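Peer 1: Please read through the structure below; I'll follow up with questions.
The values are calculated or read from the model by the stated rules, or taken from the named source; none is laboratory data. Note that the coordinates shown come from a computational prediction; the quantities given were computed from them, not determined experimentally. Methodologically, a virtual Cβ is constructed for each residue, glycine included, from the backbone with ideal geometry; neighbour enumeration extends over all protein chains shown. Note: areas computed on protein heavy atoms with side chains; ligands, DNA, RNA excluded. Shrake-Rupley method; radii C 1.70, N 1.55, O 1.52, S 1.80 Å.
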Amino acid sequence: MKKKEVLRVLCVVLVTVLLILFFSSVLTPTWLDWNNDNTVKGFYREPKNRLQVVFAGTSQSLNGIAPTELYHAYGICAYNLSSEQQPLLASYYWIKEAERLHGDTLRAVVLDLSFVFHNEDKSGRLSMNEKALAHMRFSRVKLEAYRALAEQYDINATEYINPLTRYHSRWSSVTKNDFLGLTTLKNYFYTRGQNLEFDISHDIKKPSDQLVPQFELTEQIDQLQWEIDDTLVSQNMEYLRQIVDFCRERDLALVFIKIAKPSTDVQHDALQYLADSYDVPLIDFNLVSVQEAAGLDFPFDYWDEKHANVAGAQKMTNYIGAFLKDRCDLNDVRGSADYDYLKRQDEEYQAVRDGIALMQCDDLLDYLRQLK
């Protein structure tokens, strides 16, 4: 074969590959709300072997945990891999993906247990897994994740792994969001996975107003009705066990958290029972003692009854950061040349947060104080 023919073939192959990648990216749904698109993009922009702590969980931790604040207050390099209604299956594989890329530096995993009580139907759980995992880069971890989905939901794993097979019929529903997903024009990488919300809802009651804070744990706790069906229990408990085992195998400190939201005493006791069973510490922000220690003021720190705004996220994150610093071997990375990008992200984050605080200020003296 002549040289020109070889070059022609190579060009055709290259163009074909580029077209496949382009159409795969466009046809795969892009979710810009809840920071989903930026969460995944920002995670893969992170230099390898930098992360010390990762968070995984639902929208409660997506809104309630601010990794940039951890750097600002404690010098901890962290990332929030939570997503809307993230099932524990997706949490497990994102934790594995984080360890694959940051195995030399990763020291701790903080897991939001909110999904333990989600009573979604089967199709709902599948769609939330798909939303959480769709933009994970192709790797052995993603292969394992889709094999697990195939086994759990009786689907074709190959169809889900190949975007052109899975989404070829989306041509008629492609929107500008899907093309924005190809760009970095609308990016909030400085939030490090957190979904920023600045609204304030003055009508929100403290979740503890609807919760008996602490019940005595008894031998009958595992016989209580946890308000979830048997299938959900078995699925969630299986992946919770796998997360615990994985963290132990990799010598990662594991912390359970429950972000404050309307709850019940049975749910708190169930989580405490699980934490005690696995010998894992639990931080439950539904407890009055924890709320007071964190300084939470719900009419100002939440934007709806389930989700914190940036003020609430700062308080809960600082509380968790003090806990991590006390319990885990975490170096302060501030001042390290390897983490200069975090300093720049922190400056941008603080500027945005302070600017919004000024916009929301309706008291002249308070405005002047914040402006100073």
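Peer 1: Which pairs have Cβ atoms under 7 Å, sit 6 or more apart or on different chains, and link a residue in the stretch 294-315 that is within 10 Å of GLN60 (Cα to Cα) to one that is of a type in the set (Phe, Trp, Tyr) and open to solvent by less than 60 Å² (accessible area, probe 1.4 Å)?
Peer 2: ALA308/TYR302
Let's see how each residue does on (1) polar (S, T, N, Q); (2) surrounded by 19 or more Cβ atoms within 10 Å (Cβ to Cβ); (3) in contact (Cβ under 8 Å) with a residue 12 or more places away in the chain; (4) assigned to a helix (DSSP H, G or I):
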position	(1), (2), (3), (4)
ILE243	no, yes, yes, yes
ARG248	no, no, no, yes
ASP251	no, no, no, no
VAL255	no, yes, yes, no
ALA260	no, yes, yes, no
GLN267	yes, yes, yes, yes
ALA270	no, yes, yes, yes
LEU274	no, yes, yes, yes
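Peer 1: Out of the stretch 132-141, which residues are of a type outside the set (A, V, I, L, M, F, W, C) and surrounded by fewer than 19 Cβ atoms within 10 Å (Cβ to Cβ)?
Peer 2: ARG137, SER139, ARG140
Peer 1: Write out, first by first residue and then by second, each pair whose Cβ atoms fall under 6 Å of each other, whose residues are 6+ apart or on separate chains, and whose first residue, in the stretch 52-70, is buried (at least 24 other Cβ atoms within 10 Å of the Cβ) while the second is hydrophobic (A, V, I, L, M, F, W, C) and part of a helix (DSSP H, G or I).
Peer 2: VAL54/ALA98; ALA56/TRP94; ALA56/ILE95; THR58/PHE115; GLY64/ALA313; GLY64/MET316; ALA66/ALA313
Peer 1: Being within 9 Å of VAL54 (Cα to Cα) and either out of contact with any Gly (no Cβ under 8 Å at 6 or more places or on another chain) or in a loop (DSSP other than H, G, I, E, B) (or both) is the filter here, so list the residues in the stretch 78-93 that pass it. Steps first, answer last, please.
Peer 2: The first filter runs over the stretch 78-93 and keeps only residues within 9 Å of VAL54 (Cα to Cα), leaving 78-81.
Of everything in the stretch 78-93, those that are within 9 Å of VAL54 (Cα to Cα) and either out of contact with any Gly (no Cβ under 8 Å at 6 or more places or on another chain) or in a loop (DSSP other than H, G, I, E, B) (or both) turn out to be ALA78, LEU81.
Peer 1: Just name the residue that is farthest from PHE138 (Cα to Cα) out of those in the stretch 82-112 that are of a type in the set (Val, Ile, Thr) and open to solvent by less than 10 Å² (accessible area, probe 1.4 Å).
Peer 2: VAL110
Peer 1: When you look at ASP279, is it over 17 Å from GLU69 (Cβ atoms), of a type in the set (D, E, K, R) and surrounded by fewer than 18 Cβ atoms within 10 Å (Cβ to Cβ), yes or no?
Peer 2: yes
Peer 1: Right, next: Any residue in the stretch 290-302 that is aromatic (Phe, Trp, Tyr), under 24 Å from the mean Cα position of the chain (by Cα) and at pLDDT 90 or above?
Peer 2: Checked the stretch 290-302: no residue is aromatic (Phe, Trp, Tyr), under 24 Å from the mean Cα position of the chain (by Cα) and at pLDDT 90 or above.
Peer 1: What pairs come out if I take residues in the stretch 137-165 that are at pLDDT 65 or above and pair them with residues that are outside any helix (DSSP H, G or I) and open to solvent by less than 20 Å² (accessible area, probe 1.4 Å) whose C-beta lies under 6 Å away, six or more apart or interchain?
Peer 2: Listed by first residue and then by second, the contacts come to LYS142/MET136.
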